[in-house]
Each structure stands twice: as C-alpha cells, then as structure tokens.
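Okay, so here's the structure we're looking at.
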C-alpha cells in the first residue's frame, strides 16, 4: 500500500494551496506516494490522530502556516515526520523543521525592481499585525537603501485600531517626496497604500510607485491601479517540504530495520532545520508604470516547464508555443528569473533524478528516459558537471531504499 503525505492547511483560504500541492505531488509522484489535502476546517488538533489512523502508512505531514502560526504542535504527530511551511522562526521554540520564504531575498528582489525606475527616495510599509517575516523584509530593504546611499521612509507596525492606522498611513504617504518607490511587505498592505494614496491625493504611478509581495491575483489585478508584485515560489516550497519528509522517513525506516534485525546501528536524529526559498520573479503592473517585460508569459513558461520538463520539453518547443524566437524567449526569461530556460528545464529534471536515485531502486540506465533526458550519455554528462560525481556514486551515498 503506498505511503501518503498529508497537507494540512491550518489557515483560512486556499489561494496558494493548489500551487503548493503541485510541488508536493511532484516529489511524491516520483516515489509512488499519494497526497491528501486536508482543509483548515478538518485540521484541528483533535483531528490529527484520526487522520493519521485513516491514511496509514503516513510518510509525513506538511503543515501550512501562511499567517506564521499553527495550532498543531509536533507532539500531535508522534513519530510521523512533520514539516511546517511559512512558520515563524520562533514557533514552538524554533525546534521544528520548516520551509520558509527567504525574506532577505524578497527584499533584494523588491529593491532591484524598484531601483530600475531610479526613484528619488524609497519607502517601506509594514504589516498591520506584528509578524517576524514582515520585520525581516523591512530591515533588509532599509539596509539595501542605506547601502545605495538613499533615504528610506519606514511605516512601522503599531498596536492601534484600523481607522487610526489608515489615517496615519495617509499622512505618511502624503508627506513622501515626489518619485518615491514604495515597498509594501505583502499585497494586502499594498492595497492599503493605494487607499492611502487616494485619500491623500497622491497619484500612483505618476508621483509614487508601488510594489507588493505574493502576486495574489484577486488583490493585484482588481486594484486600481493594478499592483506590481513579487511572486513567491510556492511550488518549489511544496517540493522541498515533501523532500524533507522523504529524507526523514528514510532515517525512521533505517532505525526500524536496524531494531528488527537486532543490529547496533546508530542513526543520527534529524536536527530541526529551516530551508529558505528564493522568490520567483517580479510581476509588473501599472503601479510601477506597467513598462517592461511580460511576466505573465514567464510565469506560464515556468509552469509548463515544471509540468513537462521530464516529458522531453525543450527550449525551442517552448519558444514556439509563445510564437517567439528562441533567442528573444531566452533573453526575456533570463531577465525575469536570472537564469536560462535550459537551466530551469535541467533543474526540474535533476530534481526527479535525485528522487529516483535516492528513493527508488529504478535502474540507472532507465532514469534518463523517466526524466526527459535525450540519452543516458546526456544525463551522465549533465549530472557529473553539476554534482562532480557519477550517478552510481551519488546513489551509493544518498540511497534511501
């Protein structure tokens, strides 16, 4: 019977759930595992034991903490591996395995995007509640402004009623210099900035430019003006979380086999770790002037690559789908993501190679076909160039089977 990963969405709303699930399923599928998504209404503490019993064997659980918190402590899961997505660093004393957005990288991406417009000054607007990730983004963005010799006006969090916050924000926006580039720590906060700008009669994007984080389409594209935003890589976060479960499950299985065989084999426990996921790209809309590349095209291309890279998708085929020359397609893709189309294709293929090498007994000669490489020779060349060792050597060091 195949193992199951449970994805527990403990926060209301499911905007990023489908994207995260795609990443979890991409890893689980390579191992023949199943994935069950559990909505927040069924992810209460009293639900955990029945869920674990109903889906045996459970490889592990991924707990979504999009607001930074969770009411599902590790003790509820016993020996079942659990990975927390987007949890605050201090959650449960920090003694958990978590996958989180790289907030410093988010701030760098925001600064790079806003600085392209050569603003006269910068501003950063924090969250309307006290959360650690918002503070990290504010600090990192402010530091980058200082390094560039530019002033950064900061609108920090305060304990106050919403009406007081909006009045304070309107005054803050009204007093900003002309041509100030504003970084809002997420898209919901960006909508507050839009409202404050209207209240203070400041024009976006003529007088001020604005950038948010999350690329929440229901927020960004319904705003007037439409809000530019940093797209986080939720799909990769889901994949990494599932991979962590695979790693922890292999340790647990090794302990069990050793105990059953009455062997003295010491397996080091998995120390709590945090894995940071860099943002994907900046999606430009009217709040930053609306000029430049078509990020929607790049996002669609990335999604196609992650779905079809292992089915033999090539950069030329992808360019033809978008009726674009390969050279221009690659230039636009590299501008948006920082790497080439081929790099992205090979990254996805190698992720599946790693999963097959470490988690299955698939013959090495068959892996090239499963992962979209033209031949075994091509796979061996790419793998050795990337890893500095052969497929067989890597499997011997990392096998979970």
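When you check residue 75 against the structure, is it modelled with pLDDT of 90 or more, loosely packed, with under 15 Cβ neighbours inside 10 Å and either touching a strand residue (DSSP E or B) at 6+ places or on another chain (Cβ under 6 Å) or not in a helix (DSSP H, G or I) (or both), yes or no?
Working: modelled with pLDDT of 90 or more: yes; loosely packed, with under 15 Cβ neighbours inside 10 Å: yes; either touching a strand residue (DSSP E or B) at 6+ places or on another chain (Cβ under 6 Å) or not in a helix (DSSP H, G or I) (or both): no.
Judged against the criteria, residue 75 is not a match.
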Some residue of region 5-15 being out of contact with any helix residue (DSSP H, G or I) (no Cβ under 9 Å at 6 or more places or on another chain) and at pLDDT below 90: no
Subset of region 82-133 (residues that are assigned to a helix (DSSP H, G or I), over 25 Å from residue 23 (Cβ atoms) and not assigned by TED's automatic domain parsing to the domain that holds residue 160): 93
Cross-chain or 6+ apart pairs with Cβ under 9 Å, region 372-401 first and on the phi > 0 side of the Ramachandran plot, then surrounded by 11 or more Cβ atoms within 10 Å (Cβ to Cβ) and part of a helix (DSSP H, G or I): 372/308; 372/309; 372/310; 372/345; 372/348; 372/349; 372/352
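One line per residue, one yes/no per condition, for (1) over 28 Å from the mean Cα position of the chain (by Cα); (2) surrounded by 15 or more Cβ atoms within 10 Å (Cβ to Cβ):
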position	(1), (2)
177	yes, no
184	no, yes
187	no, yes
193	no, yes
214	no, yes
222	no, no
229	no, yes
233	no, yes
248	no, yes
Single match in 282, 355, 309 (criterion: outside any helix (DSSP H, G or I) and surrounded by 21 or more Cβ atoms within 10 Å (Cβ to Cβ)): 282
Scan of region 338-352 for residues that are in a helix (DSSP H, G or I) and surrounded by fewer than 18 Cβ atoms within 10 Å (Cβ to Cβ), ordered by number: 342, 343, 347
Test: residue in region 21-34 that is touching a residue at least 12 places away in the same chain (Cβ under 8 Å) and either more than 28 Å from residue 305 (Cα to Cα) or in a loop (DSSP other than H, G, I, E, B) (or both): yes
Set 123, 127: member being out of contact with any helix residue (DSSP H, G or I) (no Cβ under 7 Å at 6 or more places or on another chain), surrounded by 16 or more Cβ atoms within 10 Å (Cβ to Cβ) and closer than 17 Å to residue 212 by Cβ: 123
Test: residue 167 is within 30 Å of the chain's Cα centre (by Cα) and loosely packed, with under 15 Cβ neighbours inside 10 Å: no
Qualifying residue in region 314-332 (condition: part of a loop (DSSP other than H, G, I, E, B), within 22 Å of the chain's Cα centre (by Cα) and loosely packed, with under 14 Cβ neighbours inside 10 Å): no
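The values are calculated or read from the model by the stated rules, or taken from the named source; none is laboratory data. Nothing here was measured: the structure is a model prediction, and the numbers come from that model. Neighbour counts are summed over all protein chains in view; Cβ atoms, including those assigned to glycine, are modelled from backbone coordinates with ideal geometry.
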